[in-house]
1. Go through region 178-199 and report how many residues are in contact with a strand residue (DSSP E or B) (Cβ under 7 Å, 6 or more places away or on another chain) and under 30 Å from H138 (Cβ atoms).
2. Look at V198 and say whether it is touching a helix residue (DSSP H, G or I) at 6+ places or on another chain (Cβ under 6 Å), among the β-branched types (V, I, T), more than 15 Å from D120 (Cβ to Cβ) and surrounded by 15 or more Cβ atoms within 10 Å (Cβ to Cβ).
3. Before we move on, is T193 farther than 19 Å from S91 by Cα, of a type in the set (S, T, Y) and assigned to a strand (DSSP E or B)?
4. Find the strands (runs of 3 or more DSSP E) located wholly in region 70-175 whose residues include 3 or more that are open to solvent by less than 80 Å² (accessible area, probe 1.4 Å), and list them.
5. Scan region 55-67 and tell me whether some residue there is more than 21 Å from I229 (Cα to Cα), of a type in the set (D, E, K, R), modelled with pLDDT of 90 or more and assigned to a strand (DSSP E or B).
6. Here are some conditions: (1) within 21 Å of D122 (Cβ to Cβ); (2) part of a strand (DSSP E or B). V207 meets all but one. Which one does it not meet?
7. If you check V72, V79, which single one turns out to be in contact with a Lys or Arg (Cβ under 7 Å, 6 or more places away or on another chain) and within 30 Å of R118 (Cβ to Cβ)?
8. Exactly one of these conditions fails for F192: (1) on the phi < 0 side of the Ramachandran plot; (2) open to solvent by less than 50 Å² (accessible area, probe 1.4 Å). Give me its number.
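The values are calculated or read from the model by the stated rules, or taken from the named source; none is laboratory data. The model shown is predicted, which means the values in this text are computed figures rather than measured ones. Here the Cβ is made from the backbone with ideal geometry for all residues, glycine too, and neighbour counts use every protein chain on show. When the accessible area is computed, the model is the full protein with side chains, heavy atoms only, and any ligands, DNA or RNA have been set aside. Shrake-Rupley method; radii C 1.70, N 1.55, O 1.52, S 1.80 Å.
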Amino acid sequence: MPNAYSRARSAHDDSNAIRLQKLLAQAGFGSRRKCEDMITEGRVEVDGELVTELGTRVDPHKQQVRVDSSRVRVNPNHVTLALNKPRKVLSAMDDPKGRYTLRDIVGDKYERIFHMGRLDYDSEGLILMTNDGELSQHVMHPKYEVEKTYIATLEGRISGTVCRRLVTTGVQLDDGWIKLDHCAIIDSSRDFTMVKVVLHSGKNRIVRRIFGSIGFPVKRLVRTQIGPIKLGELKPGSYRVLSQAEVRSLSKEVGL
């Protein structure tokens, strides 16, 4: 039975095979020289076995590479996007009613790309999209409870005490009790309060339902972060391709 090293060596004749240090550099681990040092230091595994010889070639389509036990995800056919969804855009790729969708923003440039999670029609902010099926399944699976951050503008003036209660006690909704991980007042006046909220739940309209249940309807909702990926300065209706370092960070967050 060939080991990982011999399988890596046999990949030499595969048109998809590349040198291990080049693959690591493409994945954002640093310069080619730094990646060579990582290999010789015994930090890199191919298909579960240690590889320390420079010049080893691997096929990222067929073989699994790990650095310090973390999966290296480099497939030239995979792409992951961060998109800033405006209001009145449907979190879908198509709509029989003819409404504006995510496809109208990203176009047909990326094959088989799909959104990881949704925002309701009137909400704004960060949506992640990918054609990496394994990454998508992990990001959306409740098991991994990816943390999400929102800026919510509420009708009325909410107190710090109520914010703290939403974290410590939570509220009971039709589908059970729910608590926020974090709630902080950013700005307020007599008529509105702007709060930053963090929670793991991906239930439908969960932020709107939480605040609506205690008498503070959400006037505007913007998602600013999913796991380690931030919306940043991305303009509404635009998107960007995540760097390999960002994809690696997101993958690690969801157990890949």
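1. Count: 11.
2. Details: touching a helix residue (DSSP H, G or I) at 6+ places or on another chain (Cβ under 6 Å): no; among the β-branched types (V, I, T): yes; more than 15 Å from D120 (Cβ to Cβ): yes; surrounded by 15 or more Cβ atoms within 10 Å (Cβ to Cβ): yes.
In short, no.
3. The answer is yes for T193.
4. 70-72, 80-85, 124-130, 148-155
5. So far as region 55-67 goes, yes, one or more of its residues are more than 21 Å from I229 (Cα to Cα), of a type in the set (D, E, K, R), modelled with pLDDT of 90 or more and assigned to a strand (DSSP E or B).
6. Going through (1) within 21 Å of D122 (Cβ to Cβ); (2) part of a strand (DSSP E or B) one by one, V207 breaks only (2).
7. On the way: V79 fails: in contact with a Lys or Arg (Cβ under 7 Å, 6 or more places away or on another chain).
V72 is the lone residue from the list that is in contact with a Lys or Arg (Cβ under 7 Å, 6 or more places away or on another chain) and within 30 Å of R118 (Cβ to Cβ).
8. (2)
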